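The values are calculated or read from the model by the stated rules, or taken from the named source; none is laboratory data. Quick caveat, the model's predicted, so the values are computed rather than measured. Cβ placement follows ideal geometry from the backbone for every residue including glycine, while neighbour counts extend to all protein chains displayed. Each accessible area value is taken on the protein alone, full model and side chains, heavy atoms only, with ligands, DNA and RNA left out. Shrake-Rupley method; radii C 1.70, N 1.55, O 1.52, S 1.80 Å.
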Amino acid sequence: MLLRRTNISWCVVACFAAVALLQADSVYGKPFKCHSKNVTVYASDNRDAVDSCRGAANAMKFLASQGLSMPAEITIRLVTEMPDTVMKSALGAYVRETREVHVLTYSALQLRGRPLKAPLNRSLYRAVVSHEVAHAIAAVNFKKEPSYLGQEYIAYVTFFSTMESTQRERILRQFPPEENWQVQAPVIYAFNSLEYGTHAYRHFLKAENGKGFLNKVLHGEVLSEFE
């Protein structure tokens with residue numbers, strides 16, 4: 001789940017994690033079948049639907065390159081606001097109960113200002129979709145019940161990996177590297193999930209981590225002690 005920066009308690013984070021069970025009751029647009037046959041987008045705006053298809057394809061391509069298998073179906077619903085059971089500051093959420101992705105429409109996201117610390121453009125919007133689709137993909141690859149930090153590690157690595165480099169560097173510059181970020185990970189995520197994401201991405205890029213570390217996350221060998 002992508003969140004705006006806010007001071008929230010550990011309890012709230014646990015209750016409103018990206019994969020929290022919820023039942024959406026929003027009215028969705030018409031279905032669009034993506035080129036990736038297993039992806040369907042429900043949207044009222046054609047441009048948003050096209051970008052969502054691309055965002056999903058980007059996430060699938062990246063995570064497939066890391067050895068993850070794809071779900072049989074991925075459903076993306078574009079909404080003007082998150083369902084009542086999801087934190088209102090969220091830009092998107094993976095609904096574990098229904099195995100569906102919910103993402104704000106582009107116009108709705110524009111009204112949020114700069115929650116991602118960079119000017120909104122279509123590349124950034126596609127990356128938001130990629131982040132949430134990554135949750136859907138990771139869900140069918142975890143070998144044991146994952147921690148929320150493990151889930152967000154994979155989603156944020158996908159988010160930054162699928163983003164245009166200029167936008168990525170703009171965001172990364174605002175959060176200096178922190179070598180001991182894993183020790184403080186729960187607190188960092190609670191206060192600013194985007195900052196947690198920058199540390200996760202930089203960590204992933206190190207030669208000793210990468211695909212091997214993702215595999216450890218999926219097997220619950222790392223980032224699970226804070227579950």
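Once neighbouring chains are kept in place and the probe is 1.4 Å, which whole percent of the accessible area of the chain is contributed by carbon and sulfur? Working shown, then result.
Details: 5100 of 10300 Å².
Here carbon and sulfur together make up 50 percent of the probe-accessible area.
Working from Cα pairs under 8 Å separated by at least six residues, relative contact order for the stretch 42-168 is 31 percent. Cross-link partners for Lys206 among the aspartates and glutamates, with Cα-Cα distance under 13 Å and sequence neighbours closer than 8 places in the same chain left out: Glu179. Counting Lys +1, Arg +1, Asp -1, Glu -1, what net charge surrounds Asp51 among other residues with beta carbon under 10 Å of its beta carbon? Within the 10 Å Cβ shell, the charges total +2.
Count Lys and Arg as plus one, Asp and Glu as minus one, and take only other residues whose Cβ is under 13 Å from that of Ser161; the net charge is then +4.
Springs between alpha-carbon atoms under 10 Å, Gaussian network over the chain: tell me which of Leu78, Leu91, Leu109 tops the mean-square fluctuations. For the chain, modelled as a Gaussian network with Cα springs under 10 Å, the answer is Leu109. Our estimate of slack between Lys216 and Thr98, defined as 0.36 nm per intervening residue step minus the Cα-Cα distance, is 39.9 nm. Using a cutoff of 8 angstrom between alpha carbon atoms and counting only pairs six or more residues apart, the relative contact order for the chain works out to 25 percent. With a simple spin-label model that places each label point 7 Å from the Cα along the Cα-to-Cβ direction, the separation between Thr85 and Glu73 comes to 1.9 nm.
Considering only Ser161, Ser44, Ser107, the Gaussian network model of the chain with Cα springs below 10 Å gives its largest mean-square fluctuation to Ser107. Of the trypsin sites (Lys or Arg not before Pro) found in the stretch 190-227, those in coil by DSSP whose Cβ has at most 10 other Cβ atoms within 10 Å are Lys206.
Helix-only arithmetic for the chain: the sum of -39500 (n - 2.57) across DSSP H runs with n ≥ 4, divided by the residue total, places the mean residue ellipticity at 222 nm at -13500 deg cm²/dmol.
Among the GluC sites (Glu not before Pro) found in the stretch 118-167, those both in a DSSP coil and sparsely packed, with 16 or fewer other Cβ atoms within 10 Å of their Cβ, are Glu164. A DSSP coil position with no more than 13 other Cβ atoms inside 10 Å describes the following trypsin sites (Lys or Arg not before Pro) in the stretch 81-168: Lys88, Arg112, Lys143, Lys144. The relative contact order of the stretch 120-199 comes to 33 percent, based on Cα pairs under 8 Å that sit 6 or more residues apart. Sum up the charges of everything whose Cβ sits under 15 Å from the Cβ of Ser107, counting Lys and Arg as +1 and Asp and Glu as -1, but leave Ser107 out. Combined, the nearby Lys, Arg, Asp and Glu give -1. The distance between label points at Asp45 and Lys144 comes to 4.3 nm (points 7 Å beyond Cα on the Cα→Cβ vector).
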